[in-house]
Ligand code: ADP
Ligand code: ASP
Ligand code: MG
């Protein structure tokens, strides 16, 4: 078999951990498999590098920032390749540009366009364990790019897709994908299987166990992904195409996302073109607007509320304050102390009354819902940030523990 294994930061966080990873990789190789390994930087390293840059300037130059943060993975792959060779296993480390993981030019959040496989395939055919730096690629100008936080997940699934690997194993510090973040919800349980679509929602709604783009690749190329623990041999969670039995479960997972801020324009004259004037400059600034709520108008005036990533709130406010006089808004207010909490499940398609039940559960805790958005398989609400953990726990109790 051809197996891609990805190890996250905690799994390569010390020399001892790297030696344990080497033992697992070598055992897979000794069992007769071809093995490509994708590594993250040692835990804490990417944050340390980003902090160094911020000692110089608050918004470091994007190109140079990628040259800097990509070094974390260079260290970990070199160390693992050394340990493997020392143990007698043939190994070779490769950086993004050596593999040729080609990306667009968006430094810090680049997208993979293509993975060249010639060098990889040759190294594997020669019997080598290939150890690849995650999180990094190269753009058309031959510059280093990085794929956004958690990007090694995406490197590994993209490599697995390009090599048509039999499986992509993602080794992390939890033993699979849970029904909620086990750090904040002790009742959460490990899911044996999850559909690509549910995992896409969970990842985009705050479950950082997988980077969302890795799930997009997995779905598009039907890569069998197995999320599991680097600390134990147990089976983890398989990402699989949907099957009929999955719709029987109404809610598979609960997530929270604190990376949210809410902006409200008060008493705007309700005229055609209002939304277009308001949101065009925000989009031009590359700010992703998530939920939008427009109240019923009173005296032909309405309030418009929307959410943006917390880090973008000041940039968005500048744009909003520019257009506010033009569209006649009477005031602009914002709130960064909010959280988006979501429930996700294929069964929502066929079960009625899920939303009203969700609202009842929150009302019973005295939690006020500020915004609501739904899609076929998820319901998200925005509430005060201080209720984040409580809301995850009571929703998990109501929909999953007691199901
Ligand atoms: P790695 O360094 O291996 O990439 P991450 O820290 O990026 O690991 O992702 C693993 C973490 O994701 C876990 O420690 C856990 O706290 C968090 N997490 C959030 N939601 C979930 C979930 N639904 N299931 C499992 N882990 C989750
Ligand atoms: N080292 C990068 C990060 O911390 C990429 C990764 O770990 O996936 O975000
Ligand atoms: Mg990660």
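Here are the numbers:
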item: Selection count where residues are crowded, with 19+ Cβ neighbours inside 10 Å and either out of contact with any strand residue (DSSP E or B) (no Cβ under 8 Å at 6 or more places or on another chain) or free of Cβ contacts under 8 Å to residues at least 60 places away in the same chain (or both), scope the range 379-392; result: 4
item: Tally of residues being within 23 Å of residue 260 (Cα to Cα), more than 13 Å from ligand 1 (Cβ to nearest atom) and not in a helix (DSSP H, G or I) across the range 196-236; result: 0
item: Residue 301 being over 22 Å from residue 380 (Cα atoms), within 25 Å of the chain's Cα centre (by Cα) and surrounded by 13 or more Cβ atoms within 10 Å (Cβ to Cβ); result: no
item: The range 108-139, residues that are surrounded by fewer than 23 Cβ atoms within 10 Å (Cβ to Cβ) and closer than 22 Å to residue 65 by Cβ; result: 108, 109, 111, 113, 138, 139
item: Residue within the range 305-312 that is within 18 Å of the chain's Cα centre (by Cα), in a strand (DSSP E or B) and in contact (Cβ under 8 Å) with a residue 60 or more places away in the chain present; result: no
item: Flag if residue 353 is at positive phi and either without any contact (Cβ under 8 Å) to a residue 60 or more places away in the chain or touching a strand residue (DSSP E or B) at 6+ places or on another chain (Cβ under 8 Å) (or both); result: yes
item: Every residue from the range 16-34 that is over 24 Å from residue 163 (Cα atoms) and either in contact with a helix residue (DSSP H, G or I) (Cβ under 7 Å, 6 or more places away or on another chain) or within 15 Å of ligand 3 (Cβ to nearest atom) (or both); result: 17, 18, 19
item: Failed condition for residue 65, given (1) under 21 Å from residue 131 (Cβ atoms); (2) away from ligand 1 (no atom under 16 Å from the Cβ); (3) in a helix (DSSP H, G or I); (4) in contact (Cβ under 8 Å) with a residue 24 or more places away in the chain; result: (1)
item: Pick from the range 116-163, criterion within 16 Å of ligand 3 (Cβ to nearest atom) and part of a loop (DSSP other than H, G, I, E, B), ranking: farthest from the chain's Cα centre (by Cα); result: 134
item: Any hit, the range 70-82, residues being more than 13 Å from residue 130 (Cβ to Cβ), part of a loop (DSSP other than H, G, I, E, B) and in contact with a helix residue (DSSP H, G or I) (Cβ under 9 Å, 6 or more places away or on another chain); result: yes
item: Failed criterion for residue 98 (all others in (1) within 27 Å of the chain's Cα centre (by Cα); (2) touching a residue at least 60 places away in the same chain (Cβ under 8 Å); (3) assigned to a helix (DSSP H, G or I); (4) more than 16 Å from ligand 1 (Cβ to nearest atom) hold); result: (2)
item: Candidates 105, 46 - the one that is exposed (fewer than 15 other Cβ atoms within 10 Å of the Cβ), touching a residue at least 40 places away in the same chain (Cβ under 8 Å) and outside any strand (DSSP E or B); result: 105
item: Residue among 376, 360, 330 that alone is under 20 Å from residue 279 (Cα atoms) and either exposed (fewer than 14 other Cβ atoms within 10 Å of the Cβ) or without any contact (Cβ under 8 Å) to a residue 12 or more places away in the chain (or both); result: 330
item: The one condition in (1) farther than 18 Å from residue 197 by Cα; (2) part of a strand (DSSP E or B) that residue 239 fails to fulfil; result: (1)
item: Some residue of the range 28-36 being within 14 Å of residue 230 (Cβ to Cβ), in a helix (DSSP H, G or I) and away from ligand 1 (no atom under 16 Å from the Cβ); result: yes
item: Residue match in the range 178-200 (condition: within 16 Å of ligand 3 (Cβ to nearest atom) and either in contact with a strand residue (DSSP E or B) (Cβ under 6 Å, 6 or more places away or on another chain) or under 23 Å from residue 80 (Cβ atoms) (or both)); result: yes
item: Residue among 37, 83, 99, 4 that alone is under 27 Å from residue 165 (Cα atoms), surrounded by 14 or more Cβ atoms within 10 Å (Cβ to Cβ) and within 14 Å of ligand 2 (Cβ to nearest atom); result: 37
item: Every residue from the range 218-231 that is closer than 21 Å to residue 109 by Cβ, more than 15 Å from ligand 3 (Cβ to nearest atom) and buried (at least 17 other Cβ atoms within 10 Å of the Cβ); result: 219
item: Residue that is farther than 14 Å from residue 101 by Cα and within 13 Å of ligand 2 (Cβ to nearest atom), where the choices are 127, 148; result: 148
item: Which listed residue is in contact (Cβ under 8 Å) with a residue 60 or more places away in the chain and more than 16 Å from residue 200 (Cα to Cα), from 218, 261; result: 261
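Bear in mind these aren't lab numbers, they're just calculated from the coordinates by the rules spelled out. Predicted model only: the values in this text are computed from it and were never measured. Don't worry about glycine lacking a Cβ; one is built from the backbone with ideal geometry, like all the others, and counts go over all protein chains shown.
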